[in-house]
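K.L.:
Take this structure first; my questions come after.
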Amino acid sequence: MSFTFKDFPADRDDFRSDVLAGLAACPKSIPPKYFYDEAGCRLFESICAQPEYTLTRTEGALMASRLSDIAAAIGPMDCIVEPGAGECAKVRLLLQALHPAHLVVLDIAGGPLSIAAQSLSRDHPGLAVTALGMDFIHDLEAAAPHLPEGRRLIYYPGSSIGNFAPGAATALLTRFRRLAGAAGQLLIGFDLKKDPLQLHAAYNDAAGVTAAFNLNLLERLNRELDANFDTSRFRHYAFYNPTAGRIEMHLASLAAQDVSVAGQRFHFALGETLHTENSYKFRPDEFSALATNAGWPLKAEWELDGFAVQLYGNVD
Ligand SMILES: C[S@@+](CC[C@H](N)C(=O)[O-])C[C@H]1O[C@@H](n2cnc3c(N)ncnc32)[C@H](O)[C@@H]1O
């Protein structure tokens, strides 16, 4: 068994300055990558198990039912690279089908990633596993020296690409293409446009887990940036914006109130929101246009119950 973990510690000044800049902006916003402290990671896993959040189960069913087609379309592969791998659950299916020699997983939550990757490594004694605790928006290129030569597959499931506005998504996919190298491929899963009420329900689960995930961001600011948010005075507010084709997640202020963060004061008007996440939804052709702009030629695609997986790369 070979397991390596390397942490690229986030610059605490970046966290502080991103949050302060986001709170000073109009409208207020904070980048969604800051959801994922340890509590945020646990809450995200729980969101995936909620009955209304069908995305994870549908993607799993699609991958399981089409695995042999997907593996055949990919062909022989030396290394799988998974950005934002989280608990490293989804890649296990691909490992069974592709048998690569190397797996490189990346996540901003380095602690939970290293535990999940080490456990995966124990289950795959012949696989060389490298876990990189990094913010890939900031540090993706620093992953390159940790990748072996050979055929690389970038695996980006879970519709995580939907957290980026179209221009930023194209820019990220371009960076993934450079990291993948000459014989590189990209296997990516994304959520499709569908009944807005179904989407609305997915981000407003009855058990309140998505609400807790959203509010945990304020608790994280209290814990790590000496903030004094009273979370009972903010409400999780998520809705589908059909014009933009995205779910928007906000925290709405239930009162006119002042909050202090890292020694600075910010005013929230009654009903004002802090925008915390977008989750873009796509038509398959819309997404392939975006990936093509990033230099990825479409190779194959699969679809199940409002979820799509597309394979990009060198077409032989
Ligand atoms: C929506 S979850 C998806 C997890 C898993 N890939 C799945 O499909 O279920 C997003 C994951 O990406 C990670 N993440 C978010 N922004 C990141 C960034 N800028 N750099 C590295 N990891 C990031 C989070 O910590 C989290 O594990």
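The values are calculated or read from the model by the stated rules, or taken from the named source; none is laboratory data. Note that the coordinates shown come from a computational prediction; the quantities given were computed from them, not determined experimentally. Cβ coordinates were reconstructed from backbone atoms using ideal geometry, including for glycine residues, and neighbour counts include every protein chain displayed. Surface accessibility is based on the protein's heavy atoms, side chains included, excluding ligands, DNA and RNA. Shrake-Rupley method; radii C 1.70, N 1.55, O 1.52, S 1.80 Å.
K.L.:
Need the full-extension length gain, Leu20 to Leu67, defined as separation in residues times 0.36 nm minus the C-alpha distance. One decimal, nm.
P.N.:
Answer, rounded to one decimal: 12.4 nm.
K.L.:
So, R0 is 30 Å and r is the distance between the beta-carbons of Ser260 and His138; what FRET efficiency does that work out to, to 0.05?
P.N.:
E(calc), rounded to 0.05, equals 0.65.
K.L.:
A follow-up question, please. Mean residue ellipticity at 222 nm from the helices of the chain, using -39,500 (n - 2.57) per DSSP H segment of n ≥ 4 over the full residue count, to the nearest 500 deg cm²/dmol? The partial results should precede the final answer.
P.N.:
On the way: 11 runs with 117 residues, N = 316.
Counting only the DSSP helices, I get -11000 deg cm²/dmol.
K.L.:
How much of the accessible area of the chain, probe 1.4 Å, is carbon plus sulfur, in whole percent? Walk me through the numbers before you get to the answer.
P.N.:
Values: 7160 of 13320 Å².
That share works out to 54 percent.
K.L.:
Report the FRET efficiency, 1/(1 + (r/R0)^6), for Gln198 and Ala89, where r is their Cβ-Cβ distance and R0 is 35 Å, rounded to 0.05.
P.N.:
On the way: r = 24 Å, r/R0 = 0.68.
With R0 = 35 Å, the Cβ-Cβ based efficiency is 0.90.
K.L.:
Next up: I want to check a number: in the chain, how many lysine pairs have alpha carbons closer than 25 Å, given a sequence separation of 8 or more or different chains?
P.N.:
Step by step, the pairs that qualify in the chain add up to 15.
K.L.:
Hey, got the dipole for region 193-266? About the Cα centre, +1 on K and R Cβ, -1 on D and E Cβ, debye to the nearest 20?
P.N.:
Approximately 200 debye in magnitude.
K.L.:
Can you give me the distance in nm between label points at Arg283 and Arg12, each placed 7 Å from the Cα along the Cα-to-Cβ direction?
P.N.:
Inter-label distance under the simple model: 4.9 nm.
K.L.:
Using +1 at the C-beta of Lys and Arg and -1 at the C-beta of Asp and Glu, which of Phe307, Gly162, Phe229 has the Cα lying farthest in the positive direction of the dipole of the chain?
P.N.:
The Cα lying farthest towards the positive end belongs to Phe307.
K.L.:
In debye, nearest 20, what is the charge dipole magnitude of the chain about its Cα centre with +1 on Lys and Arg Cβ and -1 on Asp and Glu Cβ, if you could check?
P.N.:
Values: 27 positive and 37 negative charges, 54 e Å.
Roughly 260 debye for the chain.
K.L.:
On to the next question. So between Thr292 and Thr174, what do we pick up on full extension, going 0.36 nm a residue minus the alpha carbon distance?
P.N.:
Difference between extended and current length: 41.5 nm.
K.L.:
Expected output is a single nm value to one decimal: the length gained when fully extending between Thr243 and Arg57, i.e. 0.36 nm times separation in residues minus the C-alpha distance. What is it?
P.N.:
Details: separation 186, 0.36 × 186 = 66.96 nm, distance 2.71 nm.
Roughly 64.2 nm would be gained on extension.
K.L.:
Please work out the C-alpha center-to-center distance from region 1-42 to region 265-283 and express it in whole Å.
P.N.:
Cα centres, region 1-42 to region 265-283: 17 Å.
K.L.:
Just want the answer: with Cβ charges of +1 for Lys and Arg and -1 for Asp and Glu, which residue in Ala64, Ala291, Tyr53 is farthest toward the dipole's positive end in the chain?
P.N.:
Ala291
K.L.:
In addition: Cα centroids of region 44-66 and region 128-173: how far apart, whole angstrom?
P.N.:
Using only Cα atoms to place each centre, the spacing works out to 22 Å.
K.L.:
With charges only on Cβ, +1 for K and R and -1 for D and E, what is the dipole size of region 21-150 about its Cα centre, in debye, rounded to 20? Could you put the intermediate results ahead of the total?
P.N.:
On the way: 8 positive and 15 negative charges, 58 e Å.
Computed charge dipole of region 21-150: roughly 280 debye.
K.L.:
Kindly state, to the nearest 0.05, the FRET efficiency for His267 paired with Ala39, given R0 = 30 Å and r defined as their beta-carbon distance. If you can, show how the numbers build up before the last one.
P.N.:
On the way: r = 27 Å, r/R0 = 0.90.
So, using R0 = 30 Å, E works out to roughly 0.65.
K.L.:
Among 302-309, 123-130, what's the highest-first ranking by average C-beta atoms within 10 angstrom per residue?
P.N.:
Numbers: 302-309: 17.5, 123-130: 15.2.
Highest to lowest by the protection proxy: 302-309, 123-130.
K.L.:
What number comes out for accessible area per residue over the chain if the probe is 1.4 Å? Units Å², please. Mind dumping the intermediate values first?
P.N.:
Details: 13320 Å² over 316 residues.
Each residue of the chain exposes 42 Å² on average to a 1.4 Å probe.
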